[in-house]
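These notes are about the structure you will find just below.
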Amino acid sequence: MSTETSERKPHAVCVPFPAQGHVTPMMKLAQLLHSIGFFITYVNTEFNHKRLVRSRGPEYVEGYVGFQFKTIPDGLPPSDRDATQDPVALCASLRTNCLGPFRALLTELNSSAGMPQVSYVVSDGVMGFGREAAEELGIPEVQFWTASACGLMGYLQYPELIEKGIVPFKGPVSLLAWNVIGDKAKLLNSSLWKEDRECLKWLDQRESKSVVYVNYGCLTVMTDQHLKEFAWGLANSKRPFLWIVRPDVVMGDSAILPQGFLEETKDRGMVASWCPQVQVLSHPSIGVFLTHCGWNSTLESICGGVPMMCWPFFAEQQTNCRYICTEWGVGMEFNEDVKRGEIEEFVNEMMEGNKGKQMRRKALEWKKKADEATAVGGSSYKNFDRFIKEALHYSE
């Protein structure tokens, strides 16, 4: 690409909240923008940049033509821990410490020879410093809400939540990216954990719709007792399972599976620390997803046509859970103080019971709607085109 051509490109600076559930959809949006001609600067915190190097390798953060990575400090003490930072401390630090470094980065980008001037800042809806820095420098800014629309409306209307309606499910940006970009959507996998891809080979050996997939996302933590309840609930169900157990999933300690569990389940279970979830949820052997109801996981389950067993943790996950179970009819919710008997009962109901069969049918209906919405000419496809033309004032 010539310098002259590069300098004429619109330049979007994308800054996600530094947690996996926000990094992933922002990356997909950045890829979509890049695919239609934008120069992209993707801004991670220094902490997450190190995690990406650890999980994906140093060549990953070198980017590629028209797509570069930059970093800013998050203001927290330095750490090499391979885990999501404490969300309360992180949010406080981002509000206090990131405006100056981000403003300096924008100024640096605009003074870099051979690089297009920054046309837009695309900031996560919870990253207020992105908006502030853009306003100070006179750069147009748009906000990307990476969680659910129903969660956003819930935040905005807590006092009237019961009385007011909430907007319905919209098409997922990850599936839209796949439909628009194709195989190139795999180019930048933004997982902050190293993925165990052996689980896909393990799934290949299982019968259709037979496997319980369990993943609590990147932030959920639990007590050691709850870990034991999940373990023995899965074991007692006698069903095949793929269980993602992050090392930091137990509060204040390392996750240690109960004695005898692995021996009891060695012929039907696989435990991994992380996995390529989109591929797992689209695998034909997956029968049900035990989830924390984070928005990425919710959308990816819907896109895979997989019903859910729900154990929400915090933020808008309870709102997502309500929609999964009540509005969309594709899930069942555990009690907060979940017990092994309840887990065993839910697993068996979802795999063979009448309710489970109904939810599987509903899940396939929602999958069809997601496919239609994100296909060329679908509602999400048109909405993205409208966003490009009306918010970013760009046409190819």
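The values are calculated or read from the model by the stated rules, or taken from the named source; none is laboratory data. Here the structure is a predicted model, which is why all the values come from computation and not from measurement. For neighbour counting, all protein chains shown are included, and Cβ atoms are generated from backbone atoms with ideal geometry for every residue, glycine included. For the accessible areas, the whole protein counts, side chains as well, though only heavy atoms, and no ligand, DNA or RNA atoms are used. Shrake-Rupley method; radii C 1.70, N 1.55, O 1.52, S 1.80 Å.
Give me the helices (runs of 4 or more DSSP H) completely within region 327-396, filtered to those with at least 2 residues that are closer than 30 Å to His226 by Cα, ordered by residue number.
340-352, 354-374
Rundown of residues vs (1) open to solvent by less than 10 Å² (accessible area, probe 1.4 Å); (2) part of a loop (DSSP other than H, G, I, E, B); (3) within 28 Å of Ser297 (Cβ to Cβ), yes/no style:
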{"site": "Pro18", "(1), (2), (3)": "yes, yes, yes"}
{"site": "Met26", "(1), (2), (3)": "yes, no, yes"}
{"site": "Leu32", "(1), (2), (3)": "yes, no, yes"}
{"site": "Leu52", "(1), (2), (3)": "yes, no, yes"}
{"site": "Val61", "(1), (2), (3)": "no, no, yes"}
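Inside region 275-306, can you point out the residues that are among the aliphatic types (A, V, I, L, M), closer than 21 Å to Arg246 by Cα, part of a helix (DSSP H, G or I) and open to solvent by less than 10 Å² (accessible area, probe 1.4 Å)?
Val280, Leu281, listed by residue number.
Tell me yes or no: at least one residue of region 216-229 is more than 16 Å from Thr291 (Cβ to Cβ), in a loop (DSSP other than H, G, I, E, B) and open to solvent by 30 Å² or more (accessible area, probe 1.4 Å).
There is at least one residue in region 216-229 that is more than 16 Å from Thr291 (Cβ to Cβ), in a loop (DSSP other than H, G, I, E, B) and open to solvent by 30 Å² or more (accessible area, probe 1.4 Å).
I'd like to check something: does region 245-256 contain any residue that is outside any strand (DSSP E or B), under 28 Å from Lys357 (Cβ atoms), of a type outside the set (Gly, Ala, Ser) and open to solvent by less than 10 Å² (accessible area, probe 1.4 Å)?
Within region 245-256, none of the residues are outside any strand (DSSP E or B), under 28 Å from Lys357 (Cβ atoms), of a type outside the set (Gly, Ala, Ser) and open to solvent by less than 10 Å² (accessible area, probe 1.4 Å).
Would you tally the residues in region 267-292 being touching a residue at least 12 places away in the same chain (Cβ under 8 Å) and either among the aliphatic types (A, V, I, L, M) or under 23 Å from Lys238 (Cβ atoms) (or both)?
The number of residues fulfilling the criteria is 18.
From the set of residues in region 370-386 that are in contact (Cβ under 8 Å) with a residue 40 or more places away in the chain and surrounded by fewer than 17 Cβ atoms within 10 Å (Cβ to Cβ), which is nearest to Ala12 (Cα to Cα)?
Within region 370-386, the match that is nearest to Ala12 (Cα to Cα) is Asn383.
Output the residues belonging to region 112-152 that are farther than 17 Å from Ile72 by Cα and part of a helix (DSSP H, G or I).
Residues satisfying the conditions are Glu135, Glu136, Leu137, Ala149, Cys150, Gly151, Leu152.
Go through (1) surrounded by 19 or more Cβ atoms within 10 Å (Cβ to Cβ); (2) within 25 Å of the chain's Cα centre (by Cα); (3) among the aliphatic types (A, V, I, L, M) one by one and return the number of the condition Leu200 breaks.
Unmet condition: (1).
Ala272 versus (1) more than 19 Å from Lys228 (Cα to Cα); (2) surrounded by fewer than 24 Cβ atoms within 10 Å (Cβ to Cβ); (3) small (Gly, Ala, Ser): which is the lone unmet condition?
Failing condition for Ala272: (1).
Of all residues in region 257-269, which are open to solvent by less than 10 Å² (accessible area, probe 1.4 Å) and of a type outside the set (Phe, Trp, Tyr)?
Within region 257-269, Thr265 is the sole residue that qualifies.
Among the residues of region 86-139, count how many are more than 29 Å from Val249 (Cβ to Cβ) and either under 27 Å from the mean Cα position of the chain (by Cα) or not acidic (Asp, Glu) (or both).
The qualifying residues number 34.
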